Amino acid sequence: MTEEDLPEIEYSPLSGSVSDETGETVEIAIYRIVGSTDGWALEVIDSDDASTVWEDLFATDQDALDEFRSVVEVAGLASFREAPSGEIDIGADIKPKH
């Protein structure tokens, strides 16, 4: 696949860096394919460049940001740090929105 074959990505203005009182910082990327009506993807990148990506798309970029905030409220920003097993523990109480 060449670079010309890759779809153009549109990033939401709601994307950006978030830090907590402990100094933990993550990057939030909310994006979709330009012209797509399929929804917005949500990806969180920790300070080690490990990435957590939601499998489901969100109807709006605000819905994606609200989901991120829900996870942080329950489990904190540190929950996005890569676990030794390579799996991210975002808390047992978090259920993906459908």
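The values are calculated or read from the model by the stated rules, or taken from the named source; none is laboratory data. Source: prediction; values computed, not measured. Please note: Cβ atoms are built from the backbone with ideal geometry, for glycine as well, and neighbour counts cover all protein chains shown.
General observations
- In summary, Ala59 fulfils each of the numbered conditions (1) in contact with a Lys or Arg (Cβ under 6 Å, 6 or more places away or on another chain); (2) modelled with pLDDT of 95 or more; (3) not polar (S, T, N, Q) with the single exception of condition (1).
- Those residues of segment 17-36 which are farther than 17 Å from Ala64 by Cβ and assigned to a loop (DSSP other than H, G, I, E, B), in sequence order: Asp20, Glu21, Thr22, Gly23, Glu24, Gly35
- Filtering segment 37-76 to residues that are in a loop (DSSP other than H, G, I, E, B) and either in contact with a strand residue (DSSP E or B) (Cβ under 8 Å, 6 or more places away or on another chain) or within 15 Å of Ser15 (Cα to Cα) (or both) leaves Asp38, Gly39, Asp46, Ser47, Trp54, Leu57, Ala59, Thr60.
- Yes/no for Leu14 being more than 14 Å from Ser79 (Cα to Cα), part of a helix (DSSP H, G or I) and of a type in the set (A, V, I, L, M): no
- For segment 1-20, filtering for residues that are touching a strand residue (DSSP E or B) at 6+ places or on another chain (Cβ under 6 Å), among the charged types (D, E, K, R) and exposed (fewer than 13 other Cβ atoms within 10 Å of the Cβ) leaves 0.
- Close pairs from segment 45-67: first closer than 14 Å to Ile33 by Cα and in contact (Cβ under 8 Å) with a residue 40 or more places away in the chain, partner in a loop (DSSP other than H, G, I, E, B) and among the hydroxyl-bearing types (Ser, Thr, Tyr), Cβ under 6 Å, at least 6 apart: Asp61/Ser12
- Given (1) loosely packed, with under 10 Cβ neighbours inside 10 Å; (2) in a loop (DSSP other than H, G, I, E, B); (3) modelled with pLDDT of 90 or more, number of the condition Asp93 does not satisfy: (3)
- Subset of segment 23-68 that is closer than 14 Å to Phe80 by Cα and loosely packed, with under 12 Cβ neighbours inside 10 Å - its residue that is nearest to the chain's Cα centre (by Cα): Val53
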